[in-house]
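Here is the structure we will look at.
The values are calculated or read from the model by the stated rules, or taken from the named source; none is laboratory data. Keep in mind the model is a prediction, meaning the values are calculated, not measured. Cβ atoms come from the backbone with ideal geometry, glycine included; neighbour counts cover every protein chain shown.
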Amino acid sequence: MAREGVEAVWPGWTCTEPAGGRPSGEAVEQPARESVFYRPIGELSKGYRQRVGLAQAILHRPDLLILDEPTAALGVAQTEQVLALVRRLAEQGLAVVIISHNLHDVFETAHRITVLRLGRNVGIFDRRTTTQQTVVEAITAGVPTKVSGIRSTAEPA
């Protein structure tokens, strides 16, 4: 399972158990990454820590992966790597829920977009048939729809 997690996050890598029992990464194109396997996570960049977190999350092959702001505080290159991984996982059949304020990331990865405003569902949109403008309008001025079990602000207490 660990091999598949590493392979999903770092395509082209293998994870082997050398004589010392510690995993090592092997990559022809970028052998310098091997040192990542031996460094404490606190010494890794935010981008690598994010990848380690994603690898941990997918190790046990969950049916659903929930990512809260997965690209927050990442640079452009690291953001694209994370989004590419999310797309690859979705293509492999994993259900991925992304919670994000970054509409670019949402439109790059989502099939469906659900907008919550003040804790209420104000709309569900098909990414292929909606625009960022429509989503922004729902975020900023959306009229909440009735959510089962939650009293409307217009209903008496």
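Summary of values
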read-out: Which listed residue, of LEU67, LEU44, LEU59, is surrounded by 12 or more Cβ atoms within 10 Å (Cβ to Cβ) and touching a residue at least 40 places away in the same chain (Cβ under 8 Å); value: LEU59
read-out: Meets criteria (surrounded by 11 or more Cβ atoms within 10 Å (Cβ to Cβ), of a type in the set (D, E, K, R) and at pLDDT below 85) for ARG87; value: no
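A quick yes/no check of all residues on (1) touching a helix residue (DSSP H, G or I) at 6+ places or on another chain (Cβ under 8 Å); (2) aliphatic (A, V, I, L, M):
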position	(1), (2)
LEU54	yes, yes
LEU64	no, yes
GLU69	no, no
GLN78	yes, no
ASP105	yes, no
LEU118	no, yes
ILE124	no, yes
THR131	no, no
